[in-house]
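Following this message is one structure expressed as structure tokens.
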Amino acid sequence: MNQDELFGGLLAIFVLAVIAIGAIVVFGDLSIRPRPRRLPLWQYTHRVIGRDQPFVTSSGSFPANEQRLWELWVESHKPGKLVAVPVEEQASTPVAVPAEGDTGSGDETGARDETGAESSPAKPAEPAETRQLRVSRVSRELRSVYPLALVGFNAYFEDYEKSEFPVGLIVRGSDGVAMMTLTADDVVAFDERGRRLWSSRWERLIFSNAHDLLLYNGHTQIRIDDEDQRDLVEALVVKYGRLEQMHFLPGPLRRDTED
């Protein structure tokens, strides 16, 4: 082998090595480059607080310790995000839609009632009118506690933020609780004589909602029983408080009601 052939071979090896290194750099950069995160498409159930305050909740329930799904819900419902909400809740009517090319069978002119008279064919339900509302906050709530704690996710809207307050409700609970007042700043429990028994600012309030409603302010806990106007208290506590599963826990993990 002469020098020209040796030089040509070395040059070819050098060029191939450069190409290989370049390919490694390019494909390596593509593999580590962050990709846009795809957020899940959530299925909503539309609910109301009181008579007319709409909010949306996840149709599914998830294990309470499933932190990743909660993080995705929070990311999907950041403050200011627009969500379509029905103006009026309408009962949906199932409508059979034939497959493409299916001409159907039987009497196509209409159904007959019990008297044999011909009636008009059923018309598809018109879609509900919707409006766009901006998210103000999100929350979690317990939907099941035994044998597995399951939670649902909620999202609320700016137009109704703190619009519920002030409100006073008759309730029944532990330690002689007979009434509660809820304001934009705090929630306070009283006995039948109007003596203040317990209170918590919203930012400190921890709750657990199951067959009864447990409320914890960082020092003491009270229980609200499932009667009277507890449903509205629970709806507001779920909206403005913070969920922590406190039902069916072993003694050391349960909040002490006599702290």
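How do the peptides 193-202, 239-248, 168-177, 44-53 rank, highest first, by the average count of neighbouring beta carbon atoms within 10 Å per residue? If you can, show how the numbers build up before the last one.
On the way: 193-202: 14.5, 239-248: 18.0, 168-177: 16.5, 44-53: 12.5.
Order by mean packing, descending: 239-248, 168-177, 193-202, 44-53.
Just check segment 142-198 against the gyration tensor rule for me: Cα atoms, a ≥ b ≥ c as the square roots of the eigenvalues, rounded for a/c under 1.5, and otherwise prolate or oblate depending on whether a/b exceeds b/c.
Here segment 142-198 falls in the oblate category.
Something else about it: Could you compute the FRET efficiency for TYR44 and ALA12, with r as their C-beta to C-beta distance and R0 at 45 Å, rounded to 0.05? Kindly include the intermediate steps, with their values, before the conclusion.
Details: r = 63 Å, r/R0 = 1.40.
Calculated transfer efficiency: 0.10.
Label points 7 Å out from Cα along the Cβ direction at GLN229 and SER144: separation in nm?
3.3 nm
Would you mind telling me the share, in percent, of accessible area of segment 40-84 contributed by carbon and sulfur at probe 1.4 angstrom?
Values: 1390 of 2690 Å².
Carbon-and-sulfur percentage of accessible area, whole number: 52.
The values are calculated or read from the model by the stated rules, or taken from the named source; none is laboratory data. For clarity, every value in this text was computed on a predicted model and none was experimentally measured. A quick note on method: Cβ atoms are made from the backbone with ideal geometry, for glycine too, and the neighbour counts reach across all protein chains shown. SASA here: full protein model, heavy atoms, side chains in, ligands and nucleic acids out. Shrake-Rupley method; radii C 1.70, N 1.55, O 1.52, S 1.80 Å.
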